[in-house]
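No value in this document is a laboratory result; all are computed from the given coordinates. Since the model is a prediction, treat every value here as computed from it, not as a measurement. Counting neighbours? That spans all protein chains shown, and the Cβs are built from the backbone with ideal geometry, glycine included.
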2 protein chains.
Amino acid sequence: MDYRSAGVNISKNDRLIARIKKMMGKAGSSIGHFGGAFSFSTKDYKEPLLVSSIDSAGTKTAVAIAVNKHDGIGRDILHHSINDIACCGAEPLYFLDYIAMSNLDEEIAASLIQGMIESGQRWDVKLAGGELAEMPGVYQQNEYDLVISINGVVEKSEYINGSGIKNDDILIGFPSAGLHTNGYSLARKVVEQTEYSYSTLIPGQDTNIGDALLAEHRCYLDEIRELKQNYRVKGLAHITGGGLPGNVSRIVPSGFEIEFDWGSWIEPPVFNLLREAGEIPEDDMRSTFNLGVGLVAVLNPDFAKEVFNNFPKHLYKPFAIGRVVNKG
Amino acid sequence: MDYRSAGVNISKNDRLIARIKKMMGKAGSSIGHFGGAFSFSTKDYKEPLLVSSIDSAGTKTAVAIAVNKHDGIGRDILHHSINDIACCGAEPLYFLDYIAMSNLDEEIAASLIQGMIESGQRWDVKLAGGELAEMPGVYQQNEYDLVISINGVVEKSEYINGSGIKNDDILIGFPSAGLHTNGYSLARKVVEQTEYSYSTLIPGQDTNIGDALLAEHRCYLDEIRELKQNYRVKGLAHITGGGLPGNVSRIVPSGFEIEFDWGSWIEPPVFNLLREAGEIPEDDMRSTFNLGVGLVAVLNPDFAKEVFNNFPKHLYKPFAIGRVVNKG
């Protein structure tokens, strides 16, 4: 991987590559060769499963462009990616990024990469390489997409996929900061087609809609490690596109279904603003947005009680959101 | 990974996911959980280096859209990705894909995925998961991007990065089929701004420009395996954005430079058509297009002689393209 692409203006590209090299160097990684290399220590694993995910920040980028704040987008998608593989029980190892733009904007690209590298240092996952592509004609003017692919590892016997879930198990939610990286096509439509704008303050809050929509995707790696270590977590669902029903159903074995205690937890205010301003039917709200729950863990009822009493205070606070029942 | 995304129309998406599952099932892989998992056998490696690459087909997609032929694009980018990591000496293990479109076109997406899966079977590298994103407002109407991230492995002591290259080493080229996946922004400009069109026959050929531009990116995995096994290859360069000078220079240690025997090999006819129709200066031709050389290997002169005499006939035929010299 080389951060070069045929389409990219070479001098702009060379300047940016020099900046990227500097940022990566500070974080202890390097651009690498045609492929990014990662030294994988096998001694800690008997049967390692590599777990990988690829995803983008979706149209959250369009909000970032509208309010010209891009530094969070890199962190958003890295956190999204870490959560995805951590939900399988994996520890993240390294990641790669792909940035494509209609026309290379050096500042935006550097800002995205800086965000990813900083967050990578925080979570001890290295940027091993990436690609920049300038694609006028494919992307709309001034638009861009940022894709991350992440690789992690889990011992095969510790892979988490929800297979042990059964009747009466408890669903624990962890609070999201907002939309995270899903539902932006709908949210943008609401803002653009109503009297609201990104600079409108959310009623009763000192945050405007733009900032609320850009609230960073939370990384739940520490919460997941705690759940694995002390609470024998049976299943983990990262709440992304498809909302709570769409994502929790993916980890529940056939024969069971979920009863959510809708309305029992506090949503970040941006959701109700979107609900009312857009007159969005509740079913669409639930299948599009995380509604304040960024991660769901399924626990045996005994462990669930323990979680509510003893979960470490420096981590996001878990709350009950529903239970597993036999399919009626 | 889930082949779901907030933006995607759910019923179209569900239908497509069912098709993807079927295609993956036939190829012996599955969609996986939040992350795609790959069982990694460590017993064959003392110090495994994971080698990864992420890249897209660039604006070759725009040619595919113009002539409505998409099945090759999936193979193109998979071959590109395999070559990238094979140039580090790595064997490919598995890959993930990310497809983003202005509006989900089920047939195009299925065609792209089918191409990747077929090619994955041919090269024994599994599709472990992917993501579909519908992003109107980010992508131009009817445009799409296809990104692949690939993971492979190499024993650390067998990692190839050109470090042993020295004066008088020989550069061996392997023939490309055409532009592969680079130079399409320039090529499209030439076609669109001249009297030519994608259906114009290339002079003296029975191929039209559209088909010549869509000629598939060749996969050089078998050639690279042969070079590793029998010719102690010192360096391998995949010729992508930046052309021969840009890519070969990446593997040559400081203190050395390359003398190319420009004009000593036969270019596919599409390059001369672009050169003449676009009145493209030769320097730009060389820094934009591969000009008929898809892969370059650097060999000791003795091994180079062997290659010309003994390289297996069923593989792409190597030819001399230049040499390494001390920096003047």
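Just a few scattered comments:
- Separation of the alpha carbons by more than 26 angstrom is noted, of A:K126/A:K228; B:K126/B:K189; A:K22/B:K43; B:K22/B:K126; A:K156/A:K228; A:K22/A:K46, for B:K126/B:K189; A:K22/B:K43; A:K22/A:K46.
- Gaussian network model of chain B, Cα within-10 Å springs - most flexible of B:K313, B:K21, B:K166: B:K313
- Dipole of chain B computed with +1 at Lys/Arg Cβ and -1 at Asp/Glu Cβ about the Cα centre; of B:V191, B:N103, B:H79, farthest Cα towards the positive end is B:H79.
- Neighbourhood charge, 12 Å Cβ-Cβ cut-off, centred on B:K46 and excluding it, Lys, Arg +1 and Asp, Glu -1: -1
- Environment charge of B:I108, counting only residues whose C-beta is closer than 11 Å and scoring Lys/Arg +1, Asp/Glu -1: -4
- The dipole here belongs to segment A:170-326: it is taken about the Cα centre, uses +1 on the Cβ of Lys and Arg and -1 on the Cβ of Asp and Glu, and is about 660 debye.
- Net charge of neighbours whose Cβ lies under 11 Å from the Cβ of B:V153, counting Lys and Arg as +1 and Asp and Glu as -1: -4
- Given charges at beta-carbon only (K, R positive; D, E negative), |dipole| of segment A:256-321 in Debye: 440
- Dipole axis of the protein assembly as shown (+1 Lys, Arg; -1 Asp, Glu on Cβ), positive-most option in A:P312, A:F289, B:V63: A:P312
- Counts of other chain beta carbons within 10 angstrom of each beta carbon in peptide A:136-147 average 6.
- Rounded to 5, percent antiparallel among DSSP beta bridges of segment B:10-158: 70
- Across chain A, the mean sequence separation of Cα contacts (distance under 8 Å, 6 or more residues apart), normalised by length, yields a relative contact order of 23 percent.
- Net charge dipole size for chain B [Lys, Arg +1 and Asp, Glu -1 on Cβ; Debye, nearest 20]: 840
- Between this copy and the others, label points of B:Y45 are 0.8 nm apart in ascending order, each placed 7 angstrom from Cα in the Cβ direction.
- For segment B:170-326, averaging the sequence separation of C-alpha pairs within contact (under 8 Å, six or more residues apart) and dividing by the residue count gives a relative contact order of 44 percent.
- Shielding of peptide A:40-52 by partners, expressed as the average count of other chain Cβ atoms within 10 Å per residue Cβ, is 6.
- Taking the square roots of 5 times each eigenvalue of the Cα gyration tensor of chain A, largest first, gives ellipsoid semi-axes of 33, 27, 15 Å.
- Eligible lysines near A:K327 by straight Cα distance, threshold 21 Å, same-chain separation 8 or greater: A:K166, A:K234
- DSSP-assigned coil residues among trypsin sites (Lys or Arg not before Pro) in segment B:182-254, each with at most 13 further Cβ atoms within 10 Å: B:R232
- When the charge dipole of the protein assembly as shown is built from unit charges on Cβ atoms (+1 for Lys and Arg, -1 for Asp and Glu) and taken about the Cα centre, the candidate among B:N247, A:C219, B:S39 whose Cα reaches farthest toward its positive end is B:S39.
- Hydrodynamic estimate: the Kirkwood radius of the protein assembly as shown over Cα pairs, inserted into Stokes-Einstein at 37 °C and 0.692 mPa s, corresponds to D of 129 µm²/s.
- If you run the Gaussian network model on chain B, springs between alpha carbon atoms under 10 Å, then out of B:G130, B:G263, B:G210 the most flexible one is B:G263.
- Helix-only CD estimate at 222 nm, as mean residue ellipticity for the protein assembly as shown, using -39500 (n - 2.57) per DSSP H run (n ≥ 4): -10500 deg cm²/dmol
- Residues B:T42 and B:Q229, FRET efficiency given R0 of 25 Å [Cβ-Cβ distance, rounded to 0.05]: 0.65
- Centroid-to-centroid separation of segment A:136-189 and segment A:209-276 [C-alpha atoms, Å]: 10
- Ranked from largest, the principal axis spans of the Cα set of segment B:146-215 equal 53, 35, 22 Å.
- Choice from B:E131, B:E306, B:E91 showing the highest fluctuation, given a GNM over chain B with Cα pairs closer than 10 Å: B:E306
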